[in-house]
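*Asks:* The structure's right below; bear with me while I get my questions together.
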Amino acid sequence: MGRGRVVLQRIENKINRQVTFSKRRNGLLKKAYELSVLCDAEVCLIIFSSRGKLFEFGSSGMTKTIERYRRCCYASRDNNDAEHDRQIGHEEYSKLKAKYESLMDSQRHLLGEDLGLLSIKELQNLEKMLEGTLSQARQRKAQMMLKQMDELKKKEHDLEEMNKQLTSKLEELEECVRVIEASWDSGTVAGNDNLNMHISQPNQIQPQPQPQPSLPMGFHEFVPPEGSAMARNVGNARNGLAQGWLV
């Protein structure tokens, strides 16, 4: 009897599942080996069982084959990414170029150039755009002028306040100067009056009391005889008329 067709689904019986895994694993490893030998192909086979056990086969070494696989995958991916980036860049460039040309045309139209190619509707739209722009410009100009006027008024008010303060300080200084001049004038008049009083009244010299000499014990004053030259000199010395030495 021939073999029946096997249904491709998970084998529920654990023993049958393990037996089938072992048979098919060995057959797969054998086919991989035969393919590498017969066709001179670089074959790499990695199998993990349900329990996590590893089975592998590499005709040229697992590490070498896996590294080659990575290089190949990354290179193709990089090429695809580069092509995709070039495509996106070209589309962006086309969009930006069209937008730039449209803006340049609009600028020329706003400046009054190349108007012959525009239709009546486009000219009406351009007229509305210019009117709106002119209105906005006038509003902005009016706002700036009002702002400048407010600033100038504020500066004028500040200057007026400063002028008032300076005027007040100047008046205070003038008052101080007048007071000082008045005090100087009164002092000068009083000085002149005192000087006149001193000039009008003669100098009266008060006699100063003559100090009495205190003589030491045992000293006797010598009194020269009256009429002698020594007596005359002593009298003149007492009157402040002494001249030279006593003779």
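The values are calculated or read from the model by the stated rules, or taken from the named source; none is laboratory data. Given the structure is predicted, the values throughout are model-derived calculations rather than measurements. Counting neighbours? That spans all protein chains shown, and the Cβs are built from the backbone with ideal geometry, glycine included. Heavy atoms of the whole protein, side chains included, go into the accessibility calculation; ligands, DNA and RNA do not. Shrake-Rupley method; radii C 1.70, N 1.55, O 1.52, S 1.80 Å.
*Asks:* When segment 30-69 is examined, which residues are found to be open to solvent by less than 80 Å² (accessible area, probe 1.4 Å) and touching an Asp or Glu at 6+ places or on another chain (Cβ under 9 Å)?
*Replies:* S36, C44, L45, I47, G58, S59, S60, M62, T65, listed by residue number.
*Asks:* Would you confirm whether or not segment 109-120 contains a residue that is at pLDDT below 85 and acidic (D, E)?
*Replies:* yes
*Asks:* Identify all residues within segment 109-140 that are surrounded by 10 or more Cβ atoms within 10 Å (Cβ to Cβ), under 42 Å from the mean Cα position of the chain (by Cα) and among the aliphatic types (A, V, I, L, M); write none if there are none.
*Replies:* L110, M129, L130, L134, A137 - these are the residues of segment 109-140 that are surrounded by 10 or more Cβ atoms within 10 Å (Cβ to Cβ), under 42 Å from the mean Cα position of the chain (by Cα) and among the aliphatic types (A, V, I, L, M).
*Asks:* For the structure I just gave you, tell me whether Q143 is of a type in the set (S, T, N, Q), modelled with pLDDT under 90, surrounded by 10 or more Cβ atoms within 10 Å (Cβ to Cβ) and out of contact with any strand residue (DSSP E or B) (no Cβ under 6 Å at 6 or more places or on another chain). First the steps, then the outcome.
*Replies:* Numbers: of a type in the set (S, T, N, Q): yes; modelled with pLDDT under 90: no; surrounded by 10 or more Cβ atoms within 10 Å (Cβ to Cβ): yes; out of contact with any strand residue (DSSP E or B) (no Cβ under 6 Å at 6 or more places or on another chain): yes.
In short, no.
*Asks:* How do the pairs read when you match residues in segment 82-106 that are part of a helix (DSSP H, G or I) with residues anywhere that are surrounded by 10 or more Cβ atoms within 10 Å (Cβ to Cβ) and of a type outside the set (G, A, S), using Cβ under 9 Å and keeping only pairs 6 or more apart or on different chains?
*Replies:* Once the first residue is part of a helix (DSSP H, G or I) and sits in segment 82-106, its partners that are surrounded by 10 or more Cβ atoms within 10 Å (Cβ to Cβ) and of a type outside the set (G, A, S) give D105/D114; S106/L126; S106/M129.
*Asks:* Okay, next question. In segment 70-90, which residues are modelled with pLDDT of 80 or more and open to solvent by 100 Å² or more (accessible area, probe 1.4 Å)?
*Replies:* Answer for segment 70-90, where residues must be modelled with pLDDT of 80 or more and open to solvent by 100 Å² or more (accessible area, probe 1.4 Å): R70, R71.
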